[in-house]
């Protein structure tokens, strides 16, 4: 087979690879734009458990709601790696199970008021990008990351994180800085969220990407879509930004100036192949979150003894 290409993963391979991801991304259907947010997670007895932050869309869903979860490990230099999408109904965990599972979730410690949800593996799909070149990711090796061992470090207390909101201007500035080659497209089809990791480029304040004819193109035609881009390291520090807008295929009827501008953009597709359809998302709303570790307090040095104490 020619290289590069996509190789489908089995359910067993998906379960084996998932603990190597730093974070998961949880997609939730809503009446308007679907939401997608990075979350702490763990693989527990072959199922996914995630921490839904208080006040998030996932915090409000009733048991039985179908959600989608995505995680990946990607090698930007070699254009290699893998991604897994896990879709199914959510279940509540009882208090005893929560107490046992809570320490296993990472990279961010679970807050007392976070909601832990188990996502049943109704549909599990995964893909590996095969390039033909040697890659530690393709060989199955993964770095030690918080997502696989929980948030605690070297037996001590877990790190503390601070969160802050990212506004529209900062969101565009982070995207313009570059360095991110893959984002996650989320659309709602039949009341259920569908999440697609894919390469993208930027056209001014719009997201553009290439795709083939198929489920993705059919599902996004004139759909309310959310496109998420993040940069989160193994410690849990970083940022994530969501762009919510109407996804539209670029057609011959569109202004010639726009078509020529987009044609000049190098929209890469790591697996290669013919992807003739270009889709553009101009966001109505841009928002996000940044995480940083709170420095541990420095222990005060003991005061020098006075002459009276020395005596």
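The values are calculated or read from the model by the stated rules, or taken from the named source; none is laboratory data. Quick caveat, the model's predicted, so the values are computed rather than measured. Heads up, the Cβs are rebuilt from the backbone with ideal geometry, glycines too, and the neighbour counts pull from every protein chain shown.
Within region 65-73, does at least one residue satisfy the condition of being more than 19 Å from the chain's Cα centre (by Cα) and modelled with pLDDT of 95 or more?
Narrowing region 65-73 to residues more than 19 Å from the chain's Cα centre (by Cα): 65.
Then keep just the ones that are modelled with pLDDT of 95 or more; that gives 65.
Yes, because at least one residue in region 65-73 is more than 19 Å from the chain's Cα centre (by Cα) and modelled with pLDDT of 95 or more.
For region 213-222, which positions are closer than 18 Å to residue 70 by Cβ and at pLDDT 75 or above?
Correct list: 220 only.
Hey, residue 196 hits all of (1) without any contact (Cβ under 8 Å) to a residue 12 or more places away in the chain; (2) under 20 Å from residue 34 (Cβ atoms) but one; which does it fall short on?
(1)
Only one residue in 84, 23 is buried (at least 23 other Cβ atoms within 10 Å of the Cβ), over 21 Å from residue 189 (Cβ atoms) and either in contact with a helix residue (DSSP H, G or I) (Cβ under 8 Å, 6 or more places away or on another chain) or touching a residue at least 40 places away in the same chain (Cβ under 8 Å) (or both), so which one is that?
23
Within region 112-135, take every residue that is surrounded by fewer than 18 Cβ atoms within 10 Å (Cβ to Cβ) and touching a strand residue (DSSP E or B) at 6+ places or on another chain (Cβ under 8 Å) and give me the one that is modelled with the lowest pLDDT.
Going residue by residue through region 112-135, those that are surrounded by fewer than 18 Cβ atoms within 10 Å (Cβ to Cβ) are 112-113, 120-123, 125, 130, 132-134.
After this cut, where a residue has to be touching a strand residue (DSSP E or B) at 6+ places or on another chain (Cβ under 8 Å) as well, the list is 120-123, 125, 130, 133.
Numbers: 120: 95, 121: 93, 122: 94, 123: 95, 125: 95, 130: 84, 133: 61.
Taking the candidates together, the pick is 133.
Could you tell me whether residue 58 is touching a helix residue (DSSP H, G or I) at 6+ places or on another chain (Cβ under 7 Å) and either over 24 Å from residue 183 (Cβ atoms) or surrounded by 18 or more Cβ atoms within 10 Å (Cβ to Cβ) (or both)?
Details: touching a helix residue (DSSP H, G or I) at 6+ places or on another chain (Cβ under 7 Å): no; either over 24 Å from residue 183 (Cβ atoms) or surrounded by 18 or more Cβ atoms within 10 Å (Cβ to Cβ) (or both): yes.
The answer is no for residue 58.
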